[in-house]
1. Within the range 9-26, can you find the residues that are surrounded by fewer than 17 Cβ atoms within 10 Å (Cβ to Cβ) and not in a helix (DSSP H, G or I)?
2. Quick one: count up the residues across the range 96-118 that are in a loop (DSSP other than H, G, I, E, B), in contact (Cβ under 8 Å) with a residue 24 or more places away in the chain and either out of contact with any helix residue (DSSP H, G or I) (no Cβ under 6 Å at 6 or more places or on another chain) or farther than 22 Å from residue 48 by Cα (or both).
3. Counting only residues that are under 19 Å from residue 50 (Cα atoms) and buried (at least 17 other Cβ atoms within 10 Å of the Cβ), which one in the range 78-95 is modelled with the highest pLDDT?
């Protein structure tokens with residue numbers, strides 16, 4: 001199976017997308033809705049409303065590539081709607097999402113601030 005490198009930049013669209021859209025429609029969404037350059041060295045990830053399908057769009061040297069995955073029973077974990085139209089991930093985090101791990105729910109320990117060690 002083809003998977004992105006761990007270090008590749010990934011932009012995940014929070015809102016569900018009409019999956020009748022293909023390369024032209026998705027690249028237009030990248031520009032108009034997400035405010036990004038579809039020719040950038042970045043992956044753009046979209047999901048349908050049921051979260052059982054994912055499309056990944058990226059530019060490779062001389063043309064667009066559209067990668068599509070459909071789950072038969074499960075659903076992909078997805079970021080909740082928010083003020084920003086998308087979420088930035090690493091390639092490693094995207095691979096975890098494609099494997100069904102919810103990287104959006106993972107939270108680190110709370111940051112602590114002290115003024116003295118005594």
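1. Answer for the range 9-26, where residues must be surrounded by fewer than 17 Cβ atoms within 10 Å (Cβ to Cβ) and not in a helix (DSSP H, G or I): 9, 15, 16, 18, 20, 21, 22.
2. 5
3. Checked the range 78-95; the qualifying residue modelled with the highest pLDDT is 94.
Condition check ((1) at pLDDT below 90; (2) closer than 25 Å to residue 107 by Cα; (3) under 14 Å from the mean Cα position of the chain (by Cα)) across all residues:
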{"residue": "15", "(1), (2), (3)": "no, yes, yes"}
{"residue": "23", "(1), (2), (3)": "no, no, no"}
{"residue": "37", "(1), (2), (3)": "no, no, no"}
{"residue": "44", "(1), (2), (3)": "no, yes, yes"}
{"residue": "53", "(1), (2), (3)": "no, no, yes"}
{"residue": "58", "(1), (2), (3)": "no, no, yes"}
{"residue": "62", "(1), (2), (3)": "no, no, no"}
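Residues are listed down the side, and each one gets a yes or a no for (1) in contact with a helix residue (DSSP H, G or I) (Cβ under 9 Å, 6 or more places away or on another chain); (2) without any contact (Cβ under 8 Å) to a residue 24 or more places away in the chain; (3) in a loop (DSSP other than H, G, I, E, B); (4) more than 23 Å from residue 3 (Cβ to Cβ):
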position: 28; (1), (2), (3), (4): no, yes, no, yes
position: 49; (1), (2), (3), (4): no, no, yes, yes
position: 66; (1), (2), (3), (4): yes, no, no, no
position: 94; (1), (2), (3), (4): no, no, no, no
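The values are calculated or read from the model by the stated rules, or taken from the named source; none is laboratory data. Please read these numbers as outputs of a predicted model, since none were measured by experiment. With ideal geometry, Cβ positions are generated from the backbone for all residues, glycine too; neighbour counts draw on all protein chains shown.
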